[in-house]
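Here the structure is laid out as structure tokens; the discussion comes afterwards.
The values are calculated or read from the model by the stated rules, or taken from the named source; none is laboratory data. Being a predicted model, the structure only gives us computed values, none of them experimental. Ideal geometry is used to build each Cβ from the backbone, glycine not excepted, and the neighbour counts take in all protein chains shown. Ligands, DNA and RNA are excluded from the accessible area calculation, which covers all protein heavy atoms including side chains. Shrake-Rupley method; radii C 1.70, N 1.55, O 1.52, S 1.80 Å.
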Amino acid sequence: MPGKPRVLIIGAGVGGLALAQGLRRAGIAVTVCERDSSAAGRLQGYRLRIDPNGLDALDRLLPEKLSQAVWEASSSPSRSGYLNGTPPAEPVERNVSINRLTLREILLHGLEDVVEFGRECTGYHRDDAVTATFADGSTASADVLIAADGVNSVVRKQYLPHAPVVDTGVRILYGRFPLTRETAELIPDEWFGIYTGLVGPDNQHIGIAPVHSRRPAPLPDLTDPGDYVMCLFAARTELLPCPDGELRAATGEQLRDLTVSLARQWNPKASELLALADPATLFPIFMRTSVPIDPWPTTSVTLLGDAIHAMSPAVGVGANIALRDADLLAAKLAEVAAGADLIPALREYETAMIGYGFDAVRRSAKFGALRMGQPPLTRV
């Protein structure tokens with residue numbers, strides 16, 4: 001394949017957009033197709049933890065202006081600092097949290113001409129190029145197709161039908177409430193950090209995570225999430241008083257009442273905070289994980305992030321691994337643009353990604369199983 005490769009990315013999540021930014025910097029033609037109608041089209045969560053590896057990857061992938069915007073929009077809060085009106089302190093290590101939508105909007109900056117929303121991929125076929133098909137009957141072709149379409153990846157199901165994603169049996173109920181001087185007073189000092197995890201009987205889990213941006217609106221047109229506290233309650237499904245169907249159909253008020261009732265039995269203080277959650281923000285997550293598979297023959301179709309190595313949030317590295325994927329894949333495709341052969345370059349990416357990606361899946365599954373009192377997944 002002479003010249004620079006044309007790249008088609010399916011999915012405009014964190015990994016897909018970070019990759020698109022890296023390819024743009026390398027002068028590689030890229031198109032991103034996303035099934036949602038907009039960046040805010042689907043509720044996926046309220047915050048992401050970005051560790052030093054993730055921040056380093058963003059530094060390499062993004063223009064300096066956007067890399068700095070991520071840092072300024074991130075949060076490393078302290079209770080005393082918040083109450084005194086001072087910005088979050090510079091952490092000793094580059095380890096921060098950031099609003100998920102804010103990060104996605106920063107990553108979209110400058111990609112308005114290459115990201116196409118409302119395009120739901122239904123599959124692909126390969127001949128001289130790779131052609132993706134979409135629900136509206138349209139198609140798009142490129143030299144390389146990259147699945148960045150998450151845990152329910154349509155591309156993975158077609159390309160690697162033997163790569164399973166399994167239900168862990170853990171249910172997580174997410175919500176948030178405004179962070180104000182009044183609510184900050186209710187949070188103990190030791191809970192006012194990037195994330196505080198509390199473990200109760202039968203390994204039930206409560207998470208508390210204040211989010212307070214270092215500086216307001218580092219870029220124009222960013223949605224202002226305000227200051228808030230992300231809160232969650234997690235438990236094995238057999239410990240919940242309702243089946244999955246009722247959990248999916250429950251109103252926000254019902255989900256909040258459920259978390260408060262269960263938490264009150266072992267941590268009354270935390271239950272008071274869960275009771276502050278805005279019912280409109282409550283939603284359930286049915287936690288799933290990939291199961292590691294052996295390497296596959298490399299073609300002009302490849303994958304990154306949750307599309308190939310979805311993992312439990314137990315160790316908080318999923319987004320960082322996706323950013324590592326994007327960083328490495330952008331570098332390999334830049335080598336192709338400089339004259340390297342495509343398939344060997346993609347094979348080098350996949351060899352490394354399969355190693356560190358599935359290692360993170362194993363660590364997350366093991367830690368999550370221990371935390372939730374479950375036997376680890378046998379194959380994991």
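Do we find that residue 155 is under 24 Å from residue 358 (Cα atoms), among the β-branched types (Val, Ile, Thr) and surrounded by 20 or more Cβ atoms within 10 Å (Cβ to Cβ) in this structure?
Yes, satisfied.
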For region 223-233, state whether one or more residues are touching a helix residue (DSSP H, G or I) at 6+ places or on another chain (Cβ under 7 Å) and loosely packed, with under 15 Cβ neighbours inside 10 Å.
-> yes
Regarding residue 60, is this residue surrounded by fewer than 20 Cβ atoms within 10 Å (Cβ to Cβ), modelled with pLDDT under 95 and closer than 22 Å to residue 325 by Cβ?
-> no
All but one of (1) open to solvent by 30 Å² or more (accessible area, probe 1.4 Å); (2) among the small types (Gly, Ala, Ser); (3) in a helix (DSSP H, G or I) hold for residue 319, so report the exception by its number.
-> (1)
Kindly indicate whether any position in region 159-166 is open to solvent by 40 Å² or more (accessible area, probe 1.4 Å), of a type outside the set (A, V, I, L, M), touching a residue at least 60 places away in the same chain (Cβ under 8 Å) and not in a loop (DSSP other than H, G, I, E, B).
-> no
Six or more apart or on different chains, Cβ under 8 Å: which pairs go from a residue in region 343-356 that's free of Cβ contacts under 8 Å to residues at least 24 places away in the same chain to one that's open to solvent by 60 Å² or more (accessible area, probe 1.4 Å)? Could you list them?
-> 345/335
Identity of the residue in region 214-236, touching a strand residue (DSSP E or B) at 6+ places or on another chain (Cβ under 6 Å) and not aromatic (Phe, Trp, Tyr), that ends up farthest from residue 106 (Cα to Cα) = 236
Candidates 169, 193, 197, 150, filtered to the one that is open to solvent by 30 Å² or more (accessible area, probe 1.4 Å) and either without any contact (Cβ under 8 Å) to a residue 24 or more places away in the chain or out of contact with any Leu (no Cβ under 7 Å at 6 or more places or on another chain) (or both) | 197
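Would you kindly identify the helices (runs of 4 or more DSSP H) lying entirely within region 200-278 that contain at least 1 residues that are touching a Leu at 6+ places or on another chain (Cβ under 8 Å), more than 26 Å from residue 288 (Cα to Cα) and in contact (Cβ under 8 Å) with a residue 60 or more places away in the chain?
268-274
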